[in-house]
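Presented below is the structure to which this report refers.
Laboratory data are not the source of any read-out in this text; all were calculated from the coordinates shown. Quick caveat: nothing in here was measured; it's all calculated off a predicted structure. Cβ placement follows ideal geometry from the backbone for every residue including glycine, while neighbour counts extend to all protein chains displayed.
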Amino acid sequence: MAIPLVDLKAQYQDIRTEIDAAIDAVVAETAFVRGKYVDAFERAFAQVIGAKHCISCGSGTDALFISLRMLGIGPGHEVITTANSWIATSETISLTGATPVFADVETEHYCLDPAAVAAKIGPRTRAILPVHLFGQPAQMDELTQLAREHDLLLVEDCAQAHLASFQGTTVGLFGAAGTFSFYPSKNLGAYGDAGAIVTDDDDLAMRVRMFANHGARPGDKLDHQFEGMCSRMDGLQAAVLAAKLPHLRAWTSARRVAAARYGEMLASIPDVTVPAVRPDAEHVYHVYCIRTPHRDRVQQALRERDISTAIHYPTPLPLLTAYERLGYAPKDFPVAMHHAQTVISLPIYPEITSVQQRQVVDAIVAGLRKA
């Protein structure tokens, strides 16, 4: 049997009755844009995260852009972010008119390295944008301290880290705003694009909500206070997410169990480095990423056994063609470069079985034997 990287069909089968009922209700009421289903999800997600406000929007990318824009980030500013992430993290900085400044990552935890950030802070720096990559919280005590010392904004990219926490605080609550993606493959995924911003700042919450709805005052869609954009979560996505949300803690626990099984199975295998969990952190394993110097042979062995994998990410952000204008070189990001050449993401999802994981590990061993 094939083993997918993510098994959304298994998840649907487990909660099919709830999902179908949620979708049917939205269709029956034709509640397709905003409305009570969106409002209900926003309240529920804010409560789960522990935030005062949750403002839904069209995608995790929109959540980042809107947050940065409404915090005043724009031309002439620099925002320091990680060299290792999906391009949404950095392109949203550019879309505000600001310049992304990339810093290297930690060897073991993959997230933004606070020491590298400190070295990049300059007179034009306005904000720090850490990513809780793979579900691992970034080193938020040190990053928060840097932001305070230099009077910088802190915006968290939590796209892969629903319910992750650091020193007892849920990610998304450390900075001015936390942004989430509900892309279907995320730990909490919609059936299309969707995103959200969480914040405890009343004024920011109002401005974000207005900007995402053409700058209109809440309650009066024709009262446009300023120019904004159209970035709204639709009723179907909200209903699906609301149906899934009560299962998120159990799914997260199941991911941790699966990660622990992988760790035990892979512990004695040479040339394999398993994920290290940061002290005082709760990892949620959106991605289970290992490193091996024989990555290509391992991936081929997995492919031959119909086991899906991914590489997160094959090229560090600053070395993409999109950022040639910034003049970075591979030597500027030695850790991110090493990761790009050695990482491979294994199948992980709440429903994965120990038998499936054993098949994955056996394929890894077979690939290493060819090395």
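Both radii come from the Cα set of the stretch 247-369: Rg as radius of gyration, Rh as Kirkwood radius; their ratio Rg/Rh reads 1.01.
Here the 3J(HN,Hα) profile of the stretch 309-321, calculated from phi with Karplus coefficients 6.51, -1.76 and 1.60 at θ = phi - 60°, is 9, 8, 10, 10, 9, x, 9, x, 3, x, 9, 5, 4 Hz, Gly and Pro shown as x.
Computed over the stretch 213-288, the Cα gyration tensor eigenvalues convert (square root of 5λ each) into semi-axes of 44, 16, 10 Å, ordered from largest to smallest. Note on His338 and Lys52: their simple-model spin labels are 4.3 nm apart, each label 7 Å out from Cα toward Cβ.
With a Förster radius of 41 Å applied to the C-beta separation of Lys221 and Ala44, the computed FRET efficiency comes to 0.95.
Computed over neighbours whose Cβ is under 11 Å from that of Asp104, the net charge equals -1, Lys and Arg +1, Asp and Glu -1. In percent, rounded to a whole number, the relative contact order of the stretch 247-369 is 38, using alpha-carbon pairs under 8 Å and six or more apart. Using only helices, what value at 222 nm comes out for the chain when you add -39,500 (n - 2.57) per DSSP H run of length 4 or more and divide by the total residues, to the nearest 500 deg cm²/dmol? Per the formula, -12000 deg cm²/dmol. Here Ala371 and Asp200 are evaluated by their C-beta separation; at R0 = 35 Å the FRET efficiency comes out at 0.10. Listed values for the stretch 196-211 are Karplus-derived 3J(HN,Hα) couplings in whole Hz (6.51 cos²θ - 1.76 cosθ + 1.60, θ = phi - 60°), namely 7, 10, 10, 7, 9, 8, 4, 5, 4, 4, 5, 5, 4, 4, 5, 4, and x replaces Gly and Pro. Each peptide in 231-243, 40-52 gets a packing score, the mean of other Cβ atoms within 10 Å over its residues, and the list from highest to lowest is 231-243, 40-52. Please report the antiparallel percentage of the DSSP beta bridges confined to the chain, to the nearest 5. Bridges in the chain that DSSP calls antiparallel: roughly 60 percent. If the limit is 26 Å between Cα atoms, which of Lys186/Lys370; Lys221/Lys244; Lys52/Lys186; Lys120/Lys331 go over it? In this structure, Lys186/Lys370; Lys221/Lys244 exceed 26 Å between Cα atoms. Equivalent-ellipsoid semi-axes for the chain (Cα gyration tensor, √(5λ), whole Å, largest first): 33, 28, 17.
The amide H of Val101, built 1.01 Å from its N in the peptide plane, has Val79, Ile80, Thr81 as neighbours under 5 Å, considering only residues 5 or more places off or on other chains. Across the stretch 272-281, rounded Karplus estimates of 3J(HN,Hα) from the backbone phi angles (6.51 cos²θ - 1.76 cosθ + 1.60, θ = phi - 60°) give 10, 10, 8, x, 9, 8, 4, x, 6, 10 Hz, Gly and Pro being marked x. Protection proxy ranking of 348-358, 109-119, 169-179, 5-15, by the mean of other Cβ atoms within 10 Å over each peptide's residues and highest first, is 169-179, 109-119, 348-358, 5-15. In terms of the mean number of neighbouring beta-carbon atoms within 10 Å, the peptides 158-167, 19-28 order highest first as 158-167, 19-28.
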